[in-house]
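What follows draws every value from the coordinates through simple rules; no lab data is involved. Because the structure is a prediction, the values reported are computed rather than measured. As a convention, Cβ positions derive from the backbone with ideal geometry for all residues, glycine included, and neighbour counts pool all protein chains shown.
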Number of protein chains: 2
Amino acid sequence: MIQKLIANIKKTNAPIVVGLDPMLSYIPESITKAAFAEYGETLEGAAEAIWQFNKKIVDAVYDLIPAVKPQIAMYEQYGLPGLAVFKRTVDYCQEKGLVVIGDVKRGDIGSTSAAYAAAHLGRVQVGSQLLTPFGEDFATVNPYLGTDGIKPFLDVCREEKKGIFVLVKTSNPSSGEFQDRLLINPSAETAAEDGFVSGKADSCKPLYEVVGEKVAEWAESCMGDDYSYVGAVVGATYPEMGKILRRVMPKSFILVPGYGAQGGKAKDLAPYFNEDGLGAIVNSSRGIIAAYRQEKYASFGADHFAEASRAAVVDMIKDINQALER
Amino acid sequence: MIQKLIANIKKTNAPIVVGLDPMLSYIPESITKAAFAEYGETLEGAAEAIWQFNKKIVDAVYDLIPAVKPQIAMYEQYGLPGLAVFKRTVDYCQEKGLVVIGDVKRGDIGSTSAAYAAAHLGRVQVGSQLLTPFGEDFATVNPYLGTDGIKPFLDVCREEKKGIFVLVKTSNPSSGEFQDRLLINPSAETAAEDGFVSGKADSCKPLYEVVGEKVAEWAESCMGDDYSYVGAVVGATYPEMGKILRRVMPKSFILVPGYGAQGGKAKDLAPYFNEDGLGAIVNSSRGIIAAYRQEKYASFGADHFAEASRAAVVDMIKDINQALER
């Protein structure tokens, strides 16, 4: 699937991904009204509104972009009907030729992580049948539990030629609380346990870099042609760290959230890419799917929200390619 | 809900929780056969088998225990029908008076974490209605993204009187990869950035302790009567760390996985409790729900798996209370 992602990026010349993270407040009233009229003010009604909204946006932008990233939390909050629309969105986007990155941030251990991997990337055995639960192409994964949590995903990635993006440095303001803390290198730990730490700063590294090194190790064990099935999430809001992490994880695609609405600028994104012009894919969610609510695209009007999204995609591609000078 | 958890523990004199983590391989053939006969070898068939299995176990043990902990991954892997049975299990256990800890290990940022919190602990607004998506009483949460990821859960906990257990030190073998790494204290970080680190070991702390300190801070901001709505997950397999973390997070209930099948022993669990005899709840999943497959309970036979589970619960309560001398 990493091959398909790369092929799609080359075809569209657009290293971007549209985050399908619908909030009911983004959805024009004409859509919610019709959905509530049919299903009532119920979870089913909310889910139907999201589906109609998603479908129109996907129809309007699919030829311009390589991939979409539905954020499952935005569906999960509408319970089972919400998750049914998550699945429907995954299927519909795949029919349109898009690579689907399930932003699920799952992570557990052993057989539990294996179950998540099967749920989102793999298949599950029921009697003599192998069935596909959600069937995304990539999934985002949380590394806090260590290799035990990641290995079951790697096994499924190899088997199904799917991929993961491991959270390394997230885009949010408080991501540094744990991720930026300096760790003492293992070689210095014995000294620390003996009561003293002393040495150069190169015996220290921030947690995100240590996680990045693990990602590089996992990536090596799970290679496609030029890039690995194992990528990483590194926020656009921390370009200095992005530069370091690009070097630490040379074979990994970097999924970059935080562009646009969260404050990340295109000019800062060049260091996330490799010299081959590949290696990163920049996400925008709100900035695209709720474009019609921005002053810049307000003239489209709520009923033409999908055209506003298309215009925002065109602008984003231009913005990023200019910054990359391509 | 922390009050209800405490009341249930006192009533049953059993600081334990049964993990409802069904694998198809645990389920006696008579159940899977009937489910497949009705629904085929489909996701619906698997989900029906899980439901029948869960229901019999809950019916057999609910009067002995304060709480259950369904692991959502085991349901998610059977797609939408699996998640429908997760919801059905949550509802059924609550009807039986049990506290339900959704082992969902969710965690994201801002509006996304708010969506997860609504999905599992809160309600969601649809038009003029406030609806309940999954409605567990507690949820497990991953701390890697920092306070931005936790705060939306705290808001919902306060509003709905629900609770969370934050992953601090997990029970798996590789949990130490990141969680045990020694961090330099912030006061020493400036020195490190200047090129040197030097000082006593008390200027270093493992990541799990730093996360534990954050949990204590979040817990203070979200108190019930004697205990906080904010608890922590600390594996039974690391009792030395459990002892430290008990002290670091005095107001937090500790959810303790890893007893039994994963190797944690009752005699090691006393330090996870406070002097009031409360403050911890020990989980067993496989050891209870698949008890009939152990030599010790094999005489029950597959058709009496639920009675075997009841016997295993009785033994577990005895084992833990003996170790706590109560």
Please compute the length gained on full extension between A:Ala37 and A:Glu240, using 0.36 nm multiplied by the number of residues separating them and subtracting their Cα-Cα distance. 68.1 nm
Based on Cβ point charges of +1 for Lys and Arg and -1 for Asp and Glu, what charge dipole magnitude is obtained for chain A about its Cα centre, in debye rounded to the nearest 20? 560
Label position 7 Å from Cα toward Cβ: report the copy-to-copy distances for B:Arg293 in nm, one decimal, ordered from shortest. 4.8
State which entries of A:Lys105/B:Lys69; A:Lys87/A:Lys265; A:Lys169/B:Lys169; B:Lys11/B:Lys161; A:Lys56/A:Lys265 exceed 23 angstrom in Cα-Cα distance in the structure shown. A:Lys87/A:Lys265; A:Lys56/A:Lys265
Per-peptide average of other Cβ atoms within 10 Å, ordering B:300-309, A:99-108, A:269-278 highest first: A:99-108, B:300-309, A:269-278
Rounded to the nearest 20 debye, dipole of segment A:76-122 from Cβ charges on Lys, Arg, Asp, Glu: 40
Lys/Arg +1, Asp/Glu -1 at C-beta; chain B dipole; positive extreme among B:Leu64, B:Gly79, B:Val126: B:Leu64
Classify segment A:75-176 as rounded, prolate or oblate from the Cα gyration tensor: take a ≥ b ≥ c as the square roots of its eigenvalues, call it rounded if a/c is under 1.5, otherwise prolate when a/b beats b/c and oblate if not. oblate
How far apart are the A:Ala7 label points across copies, placing each 7 Å from Cα toward Cβ, in nm, shortest first? 6.1
Could you work out the local net charge near A:Arg88, counting Lys and Arg as +1, Asp and Glu as -1, over the other residues with Cβ closer than 11 Å to its Cβ? -1
Using only Cα atoms, tell me the angle between helix B:147-160 and the longest principal axis of chain B; keep it within 0 to 90° and round to the nearest 10. 60
Sort the following peptides by mean Cβ neighbour count (other Cβ atoms within 10 Å, averaged over residues), highest first: B:122-133, B:250-261, B:10-21. B:250-261, B:10-21, B:122-133
Compute, for segment A:93-158, the length of the dipole vector about the Cα centre, with Cβ point charges of +1 (Lys, Arg) and -1 (Asp, Glu) only. Units Debye, rounded to 20. 60
Could you state the angle between the C-alpha long axis of helix A:239-248 and the longest principal axis of the C-alpha atoms of chain A, as a value from 0 to 90 degrees rounded to the nearest 10? 60
What residues have an amide H closer than 5 Å to that of A:Val99, excluding those fewer than 5 places away on the same chain, when H is modeled at 1.01 Å from N in the peptide plane? A:Ala67, A:Val68
Average Cα contact separation per residue, segment B:107-160, under 8 Å, 6 or more apart, as relative contact order %: 45
Whether segment A:79-137 is rounded, prolate or oblate, judged on the alpha carbon gyration tensor where a/c under 1.5 counts as rounded: prolate
Normalised by the number of residues in chain A, what is the relative contact order in percent for Cα pairs under 8 Å and 6+ residues apart? 18
Residue mean of other protein chain beta carbons inside 10 Å, A:122-133: 6
Sum up the charges of everything whose Cβ sits under 13 Å from the Cβ of A:Glu29, counting Lys and Arg as +1 and Asp and Glu as -1, but leave A:Glu29 out. +1
Distance between segment B:21-69 and segment A:104-133 - C-alpha centres, whole angstrom: 18
Could you run the Debye sum over the Cα atoms of chain A, one equal point scatterer each and no solvent, and tell me log10 of I(q)/I(0) at q = 0.08, 0.11, 0.14 Å⁻¹, two decimals? -0.38, -0.70, -1.10
Please find the FRET efficiency linking A:Ala261 to A:Thr132, where r is the Cβ-Cβ separation and R0 is fixed at 30 Å, and quote it to the nearest 0.05. 0.35
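Please give the net charge around A:Val18, taking every other residue with its beta carbon less than 11 angstrom from that of A:Val18, where Lys and Arg add +1 and Asp and Glu add -1.
So the environment of A:Val18 carries a net charge of +2.
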Assign one of three labels to the protein assembly as shown, namely rounded, prolate or oblate, based on the Cα gyration tensor with a ≥ b ≥ c the square roots of its eigenvalues; rounded applies when a/c is under 1.5, prolate when it is not and a/b is larger than b/c, and oblate otherwise. oblate
Partner chain coverage, peptide A:135-145 - average Cβ within 10 angstrom: 4
